[in-house]
Amino acid sequence: MDRKTLQIRTKKFHVDVIHLCEAFPRNAAGFETAKQLIRSAGSVGANYRASVRAKSPADFLYKIEIVLEESDESHYWLEVVKDAKLQTGIELD
């Protein structure tokens, strides 16, 4: 997969997460989970874009490691959404 495709896909992931979170319950759990999930999903795309401007191979690896950490955090929050049944009507498997 090339750089441009990954930029498009990581941006789409962020936008899809925003749409998913719009249907969360309007309570403390819904707001807090949405905030955490939207931030981590946005960080995936933003940090991937930053990685393509790395100043060295070591800097690139550091930035990609951040992308992986944020991806894992997003995965965690998506599991919480599923387990807490914050989003109904959409299959998250």
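The values are calculated or read from the model by the stated rules, or taken from the named source; none is laboratory data. The model shown is predicted, which means the values in this text are computed figures rather than measured ones. So basically every Cβ, Gly included, is an ideal-geometry build from the backbone, and we count neighbours across all protein chains shown.
Taking only pairs six or more apart or across chains, which ones have beta-carbon atoms under 7 Å, a first residue in the stretch 28-52 that is under 13 Å from Tyr76 (Cα atoms), and a second residue that is of a type in the set (Ser, Thr, Tyr) and in a helix (DSSP H, G or I)?
Partner pairs satisfying both residue conditions: Leu37/Ser74; Ser40/Ser74; Ala41/Ser74.
Is it true that Phe13 is at pLDDT 95 or above and assigned to a helix (DSSP H, G or I)?
Yes.
Using beta carbons and a limit of 9 Å, which pairs, at least six apart or on different chains, have the first residue in the stretch 78-93 and over 13 Å from Gly30 (Cα atoms) and the second one at pLDDT 80 or above and surrounded by 13 or more Cβ atoms within 10 Å (Cβ to Cβ)?
Gly89/Ala23; Ile90/Leu20; Ile90/Ala23; Leu92/Leu20; Leu92/Leu78; Leu92/Val81; Leu92/Lys82; Asp93/Lys82
I'd like the full set of residues that are in a helix (DSSP H, G or I), over 21 Å from Thr5 (Cα atoms) and of a type in the set (Lys, Arg), limited to the stretch 36-85.
Within the stretch 36-85, Arg39, Lys82 qualify.
Just one of Asp93, Asp2 is at pLDDT below 95, over 17 Å from the mean Cα position of the chain (by Cα) and not hydroxyl-bearing (Ser, Thr, Tyr); which is it? Walk me through how you get there before you give the answer.
Values: Asp93 fails: over 17 Å from the mean Cα position of the chain (by Cα).
Residue meeting the stated conditions: Asp2.
State all residues of the stretch 7-48 that are over 13 Å from the mean Cα position of the chain (by Cα) and buried (at least 16 other Cβ atoms within 10 Å of the Cβ); if no residue qualifies, say none.
Hits for the stretch 7-48 are Phe24, Gly30.
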